[in-house]
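Q: Below you will find the structure I want to go over with you.
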């Protein structure tokens, strides 16, 4: 997986975080992003912005899968009625 660059929207969001919120973002980093940050290949602001972007994308995927499950369950319940 190649890391993408953080969009300006997420850089702005990362810059607006408090130090405590940024530390929580660092704690949730894993994989390639964490290694790149630890080796100082990307600045901390960009690392936090990328983490925010990754989490937003994962949340959107989760919401989509959940909606699909709810639709299947509703169809199954309707079929059983």
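Q: Going through region 42-51 one residue at a time, which ones are under 14 Å from residue 4 (Cβ atoms) and assigned to a helix (DSSP H, G or I)?
A: Restricting attention to region 42-51, the residues satisfying the condition of being under 14 Å from residue 4 (Cβ atoms) are 42, 46-47, 49-51.
Hits for region 42-51 are 46, 47, 49, 50, 51.
Q: Name the residues in region 1-19 that are assigned to a loop (DSSP other than H, G, I, E, B) and touching a helix residue (DSSP H, G or I) at 6+ places or on another chain (Cβ under 9 Å), would you?
A: Here is the first cut: in region 1-19, the ones assigned to a loop (DSSP other than H, G, I, E, B) are 1-7, 17-18.
The answer is 1, 2, 3, 4, 5, 6, 7, 17.
Q: Which residues, counting only those in region 20-41, are buried (at least 17 other Cβ atoms within 10 Å of the Cβ) and not in a helix (DSSP H, G or I)? If you could, list the steps in order and put the result at the bottom.
A: Taking region 20-41 as the starting set, the residues that turn out to be buried (at least 17 other Cβ atoms within 10 Å of the Cβ) are 22, 25, 29, 33, 37.
The answer is 29, and nothing else.
No lab work stands behind these numbers, since they all come straight from the coordinates. No experiment lies behind these values; they were computed from the predicted model shown. Ideal geometry is used to build each Cβ from the backbone, glycine not excepted, and the neighbour counts take in all protein chains shown.
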